[in-house]
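The values are calculated or read from the model by the stated rules, or taken from the named source; none is laboratory data. None of the values given here were measured: they were computed from a predicted structure. Glycine gets a Cβ as well: all are built from the backbone with ideal geometry, and neighbour counts include every protein chain shown. We work out accessible area using only protein heavy atoms, side chains counted, and drop any ligands, DNA or RNA first. Shrake-Rupley method; radii C 1.70, N 1.55, O 1.52, S 1.80 Å.
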Amino acid sequence: MSITVANVPFDNRAAGEGEEGHSTPVGGGNSPFCFLPTANKPYTEEGEEGLVYSGVWRFNSRLKGKLLGMRVLIGGGSGFVGRELTRLLRDKGHEVTLISRQPGPGKITWGELESQGLPPCEGAVNLAGENLMNPLRWWNESYKKDLFSSRVDTTKALSRAIAASSSPPHSWVLVSGVACYKPSLTAQYTEDSEWTPFDLLSRLVKDWEAAALLPENVAKTTKQVIIRPGVVLGRDGGAMKQMLLPFWLGLGGTLGSGRQPFPWIHVSDLAGIIVHALEPPADTPPSSSPQVFNGVAPPLNTNYEFTKELGRVLGRPTILPVPGFVMNALLGLERAVVLTQGQKVIPKRTLESGFQYNYPDLTSALKEIVS
């Protein structure tokens, strides 16, 4: 039986189960489409000309390493970064399912993930986690516990579901943070920099990333990726949502000394790095260790430079610095270090991977946000 998809003829009798549970595309793997059985069943009916698979036609996501027609599962997809990632993926023609606390169209719950297992998908991403800078919550032991459990427990749930799946995704991406790198005015960190936990937030990153690790047998077929973003900038959420009003009122200023490094990234570029990381592994088998990408813009800016540039773009003065002790009192010492201290983080591997930034400097990023 022959059919035509996008003006390309295919013989669906030739579609068979390929490596990693993915169907083998017709034409020796060069076709942009392949046939995927429904619900991982090899076939469900018999036609006049032999066995006919019951399923859907999908892009062959392994074609020349390109990301095509994928089903992507996103934990924490309703948040600031998740909304941007969902928009980008759908704009590119991909299908997105969110893991949420509440059921709804295009969603599954965390409970359903644990009880029913991983739904069919080619990529999985975890963005879930309690907002570190939630202005409505005091810095106390209960909040710290929620920071850990909302990140570590959801990551464990996803990694376990991937490990238990009969057809795991070819890419698994965790978005953690740069808090693993010790604040310094001089040290520079790339993805290859060694680090050990030194405070609460670095211990969080260690536990978080450890929870994402897949068993060795699964890691042979599923690419593991960790992205460590800096401060995420965008008009619809994140740090800018709390900064813009005081700056508009002329009440903005440097935080602490202002000399501290300020690693940042535009939310559009962070979503782009995630999509870039979701691309199927090359012909060589994935490494058993995660690939790490620093999700930051290339410039090594300071808080002073960020403050002055935001004031310039807004046309507002920035003459009211916020002393460090005030930040410590408002946010708690362990949380305030995110803003009063910083790290010089270099996206070495991110750039080497060929990723192209839409907003590679503060001026272009801030102009887009306030426009």
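Which peptide among 229-236, 247-254 comes first, and what is the full order, when sorted by highest mean count of other Cβ atoms within 10 Å?
Numbers: 229-236: 20.8, 247-254: 17.1.
In descending order of packing, they fall as 229-236, 247-254.
Within segment 86-126, the proportion of C-alpha pairs whose separation exceeds 14 Å stands at 50%. Rg and Dmax of segment 118-255, both derived from C-alpha coordinates alone, stand at 17.5, 57 Å. Using equal-weight Cα scatterers in the Debye expression, the normalised intensity of segment 228-336 in log10 at q = 0.19, 0.23, 0.24 Å⁻¹ is -1.05, -1.37, -1.44.
With the alpha-carbon atoms of segment 60-159 aligned to their principal axes, the span from lowest to highest coordinate is 49, 28, 26 Å, starting with the largest.
Here the Karplus curve 6.51 cos²θ - 1.76 cosθ + 1.60, taken at θ = phi - 60°, turns the phi angles of segment 229-240 into couplings of x, x, 5, 8, 9, x, 6, 9, x, x, 5, 5 Hz, with x standing for Gly and Pro. For segment 100-211, the number of Lys pairs separated by eight or more positions or lying on different chains, with C-alpha atoms closer than 17 Å, is 5. Taking 7 Å steps out from each Cα toward its Cβ at Arg137 and Arg349 produces label points 2.9 nm apart.
Bridge orientation summary for segment 174-305: considering DSSP beta bridges with both residues in this region, about 10 percent are antiparallel. Counting only protein heavy atoms and a 1.4 Å probe, segment 209-264 has 40 square angstrom of accessible area per residue.
Looking at segment 221-371, what % of its DSSP beta bridges pair antiparallel, to the nearest 5? Antiparallel: roughly 10 percent of the beta bridges in segment 221-371. Amide H contacts under 5 Å for Val231: Trp264, Ile265, restricted to partners 5 or more places along the chain or on a different chain, H placed in the peptide plane at 1.01 Å from N.
Pair-distance distribution of segment 167-235: all C-alpha pairs, bin width 5 Å, starting at 0; shares per bin in whole percent are 3, 14, 21, 22, 16, 13, 7, 3, 1, 0. Protein heavy-atom accessible surface, 1.4 Å probe, per residue over segment 280-371: 50 Å². Using bins of 5 Å that start at zero, the share of Cα-Cα pairs per bin across segment 196-239 amounts to 5, 16, 17, 18, 17, 15, 8, 4, 0, in whole %.
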